[in-house]
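One structure is given below, encoded as structure tokens.
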Amino acid sequence: MLLLFLLFEGLCCPGENTAAPQALQSYRPAAEDPLSFRMLQISSFANHSWAHSEGSGWLGDLQTHGWDTVTGTIRFLKPWSHGNFSKQELKNLQSLFQLYFNGFVRIVQASAGQFQLELKPEAWLSRGPSPGPGRLQLVCHVSGFYPKPVWVMWMRGEQEQRGTQRGDILPNADETWYLRATLDVAAGEAAGLSCRVKHSSIEGHDLIIHWGGYSIFLILICLTVIVNLVILVVVDSRLKKQSPVFPMGANTQDTSNSRHHFCLAQVSWIKNRFLKWKTRLNQLS
């Protein structure tokens, strides 16, 4: 606030400089309302390491100052916008503004993780419709990225596959973006291919997913299904051996009730076993 007051005083009270009041007078509203001096700042943060800030000064509806981010100096857009500041005073102001811009950027970047401002993309692979006999369509899905520009390419080692076809970049419901990139290859040439994703939010840390790779979660699911099937087969064989033999002439109603209770016991045992395996799977995932 002190900086704003000093700059406003220098602009609107230029002392012996008569050119400034005459210039200001031509821009005063018809109703003689007092003019206000405003400073605007726009800072853009593409990722955790890149930021760009712009600043401007406005006297009413007239822009009088700008901020040069390259040299870290104030740009005076009107001949009279220097006010009656001395060169040393202007130099001190520029140093203060530069300190502010740099400090503001560092604070926001340090706090970005707490506010979850970074949207790192996620990617996964799938197989599309077969383009022909003996051929495969490999699909690389990329979703949840922002801003919109993204680079996606099928690779073999470090060699880009020029047959990569990119679809349209489509919006997600949360205002992030989605893209798919496909590659048609012979079935025997799919091994060794990978999908690489470059995005500003993961600068220097490209996403690379290899075709044919399986996640540990998928492996655990497959193993759980197989183990459960084996258990069901074993349990079924044991229960058949242990099933009661009803003597001839036994009461039909008693026999029916016994079989019913026996079946309920089988179902309950299998259900409890399955729930135990499901709980273990959830703990692992």
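Structure summary
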read-out: Neighbours by Cβ (under 6 Å, 6+ apart or cross-chain): first from the stretch 192-207, within 11 Å of PRO121 (Cβ to Cβ); second basic (Lys, Arg) and crowded, with 16+ Cβ neighbours inside 10 Å; value: ASP206/ARG196; ASP206/LYS198
read-out: Complete set of residues in the stretch 52-84 that are more than 34 Å from the chain's Cα centre (by Cα) and open to solvent by 40 Å² or more (accessible area, probe 1.4 Å); value: TRP58, ASP61, GLN63, THR73, ARG75, PHE76, LEU77, LYS78, PRO79, HIS82, ASN84
read-out: Elements of type strands (runs of 3 or more DSSP E) in the stretch 68-162, at least 2 residues being aromatic (Phe, Trp, Tyr) and modelled with pLDDT of 90 or more; value: 151-156
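The values are calculated or read from the model by the stated rules, or taken from the named source; none is laboratory data. Keep in mind it's a predicted model, so treat the numbers as computed, not measured. Ideal geometry is used to build each Cβ from the backbone, glycine not excepted, and the neighbour counts take in all protein chains shown. Quick note on the areas: whole protein, heavy atoms, side chains included, nothing else; ligands and nucleic acids left out. Shrake-Rupley method; radii C 1.70, N 1.55, O 1.52, S 1.80 Å.
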